[in-house]
Each structure stands twice: as C-alpha cells, then as structure tokens.
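The values are calculated or read from the model by the stated rules, or taken from the named source; none is laboratory data. Here the structure is a predicted model, which means the values were calculated and not measured. All Cβ positions, even for glycine, are placed from backbone atoms using ideal geometry, and neighbour counts span all protein chains on display. Ligands, DNA and RNA are stripped out before the accessible areas are found, and what is left, the full protein with its side chains, is counted by its heavy atoms. Shrake-Rupley method; radii C 1.70, N 1.55, O 1.52, S 1.80 Å.
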Amino acid sequence: MSADDILLVEDDAVHRAFLRDVIRSVLPGRSLIEAADGEEGEKLARRHEARAIVVDLQMPRRTGVEMARSLWRDRPDTSIIFWSNYADEAYVRGVSRIVPAGAAYGYILKSASEERLGLALKGVFVEGQCVIDREIRGVQQKAANRSEGLSDVEYEVLVDLALGLTDRMIAERRGISLRSVQNRLQQVYEKVGAYDGAGGADLFNLRTRCVSLALMRRLLNRAGLDQAEAELQAWLERTGARPPAA
C-alpha cells in the first residue's frame with residue numbers, strides 16, 4: 001500500500017460499496033484496501049502504514065473513534081474522515097477530543113450528497129484540509145457556547161456522574177476542589193434541564209434526572225460511556241484511588 005492509497009473501514013456492505021464507487025470516481029488511480037470492522041481496520045492500517053482512512057463511527061468489535069485514537073497516538077499525521085449516521089453531541093465531542101493538533105480530518109454524515117462526499121475526500125486527502133458537515137459544525141458551535149453548551153470540564157463532570165462517581169471521587173480524579181465539583185454540577189443540572197418541570201429538585205433525584213436527560217438529548221451514548229468506563233478503570237488501577245474513609 002502506497003502513501004496515496006486509501007483504507008476504507010465500514011461494516012455495512014451496501015455503504016461500503018457506495019463509498020468505494022465515490023472514491024474511485026473522485027480520486028481515480030488511488031488503490032483501495034477495505035475492512036469490515038474497526039479491529040480489522042486498525043490491523044490493516046498498521047500493516048500497510050495507511051495515511052488516508054475513511055471510517056464509520058459505530059462498528060462491531062472496535063469503534064471508529066477507538067481505532068482513530070490508537071492510530072493517531074502513533075501517527076498524528078494520518079488523515080481520517082469519519083463517515084457516520086450520527087450527529088449526536090456525544091459522538092462529536094468524542095471525535096473532537098482525539099484529533100491531534102494540525103491533523104487533516106473530516107466528519108461527514110451519510111446523508112450528505114455524493115457531491116459533498118466527493119468534495120470532502122478531495123479536501124482532506126488531497127488538499128490537507130479539515131472538512132466538517134454543516135450539521136456537525138452546528139453541534140460543535142452549540143457545545144462551544146458557554147451559555148448553552150457544557151464546557152469541557154462540565155462535560156467531564158457529567159460523564160463521571162454517569163459512571164456513578166461520588167463528588168469526592170470526581171474531585172480527586174479531575175484534580176479540583178470538592179466545592180468546584182459541586183458548583184459545576186449545579187451548572188450541568190441547569191444546562192441539561194434537571195431543574196425544569198413541576199417539582200424540580202423536590203420531585204427528582206437530580207443526579208439520576210441529569211443523566212437521564214443527557215441520554216435523551218444524546219449528550220451521552222453507549223459507545224462513549226464504554227470508553228469512559230475503560231478510562232476510569234485504567235485511572236483507578238494506575239492511581240490506586242479509593243473512596244475516602246468516612
């Protein structure tokens with residue numbers, strides 16, 4: 001596999017065939033190698049030293065985010081286009097937090113036109129640009145709006161909340177004070193809407209209500225929580241952290 005060749009990683013055979021045809025149409029002369037899941041895709045990427053990759057986000061055995069994180073850790077100059085059905089904030093944040101500085105990447109929805117997909121392929125793989133679907137850009141902008149979206153620190157607290165950590169353990173893990181955790185929790189509750197509705201704090205367990213609303217709003221999802229749980233277990237093992245004595 002040469003530096004000009006493209007690795008295509010997609011578990012759906014129909015989508016894979018469509019993408020294959022588009023790539024051959026807009027980038028003629030560039031060879032393709034294909035994988036049907038993230039685990040196989042990562043093996044092929046390392047074996048062939050792939051530098052141009054199109055990958056689905058949600059796949060069996062290994063997600064696109066997990067695969068990209070691993071590859072970018074060793075080769076941050078790899079160009080990757082995420083091609084997905086999902087515009088959830090959880091997925092958008094999951095991708096944004098792993099992109100290396102200066103990397104050329106794309107995030108294109110499968111609902112995008114063939115023309116739009118072709119422009120993204122050329123933009124990322126030929127011109128070295130970042131090409132983000134308009135809907136995805138809107139999600140990014142909303143998340144960056146401090147008055148509406150969660151800040152990165154607030155989002156980390158939300159994830160720790162969903163993992164079941166106490167306020168004290170969140171403070172220890174994130175290296176902030178207990179008061180800071182509690183202040184950020186209040187901000188998360190307000191932005192997610194946990195206080196809304198008749199009864200508010202008198203009717204709901206705010207921690208549970210917050211996580212429930214975050215799941216319904218797609219601020220959290222299964223793939224992101226699976227990864228967060230793995231990171232939590234690694235942190236617990238690395239630090240030997242234990243709940244403080246009563």
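Some points to look at:
- Here V157 fulfils each of the conditions (1) in contact with a helix residue (DSSP H, G or I) (Cβ under 6 Å, 6 or more places away or on another chain); (2) surrounded by fewer than 16 Cβ atoms within 10 Å (Cβ to Cβ) apart from (2).
- Any chance A68 is crowded, with 18+ Cβ neighbours inside 10 Å, small (G, A, S), under 24 Å from the mean Cα position of the chain (by Cα) and in a helix (DSSP H, G or I): yes
- In segment 192-230, the residues that are open to solvent by 40 Å² or more (accessible area, probe 1.4 Å), part of a helix (DSSP H, G or I) and either over 28 Å from S70 (Cα atoms) or aromatic (F, W, Y) (or both): A201, D202, R207, T208, R209, S212, M216
- D160 among the acidic types (D, E) and touching a Leu at 6+ places or on another chain (Cβ under 9 Å): yes
- Flag for G38 being under 30 Å from M216 (Cβ atoms), open to solvent by less than 10 Å² (accessible area, probe 1.4 Å) and in contact with a Lys or Arg (Cβ under 9 Å, 6 or more places away or on another chain): yes
- Any hit, segment 33-43, residues being without any contact (Cβ under 8 Å) to a residue 40 or more places away in the chain and in contact with a Phe, Trp or Tyr (Cβ under 8 Å, 6 or more places away or on another chain): no
- Meets criteria (over 17 Å from R93 (Cβ atoms) and either in contact (Cβ under 8 Å) with a residue 60 or more places away in the chain or open to solvent by 40 Å² or more (accessible area, probe 1.4 Å) (or both)) for Y189: no
- Condition check for A45: assigned to a helix (DSSP H, G or I) and surrounded by 15 or more Cβ atoms within 10 Å (Cβ to Cβ): yes
- Any chance G123 is modelled with pLDDT of 95 or more and assigned to a helix (DSSP H, G or I): yes
- Taken together, the residues in segment 146-188 that are outside any helix (DSSP H, G or I) and aliphatic (A, V, I, L, M) amount to 4.
- Subset of segment 3-15 (residues that are crowded, with 19+ Cβ neighbours inside 10 Å and under 11 Å from W83 (Cβ atoms)): L8, V9, E10
- Complete set of residues in segment 234-246 that are at pLDDT 85 or above and open to solvent by less than 90 Å² (accessible area, probe 1.4 Å): A234, W235, L236, T239
- Test: residue in segment 50-58 that is among the polar types (S, T, N, Q) and open to solvent by 20 Å² or more (accessible area, probe 1.4 Å): yes
- For segment 114-127, the candidate set comprises residues that are open to solvent by less than 60 Å² (accessible area, probe 1.4 Å) and farther than 11 Å from S79 by Cα; within that set, the residue that is farthest from the chain's Cα centre (by Cα) is G118.
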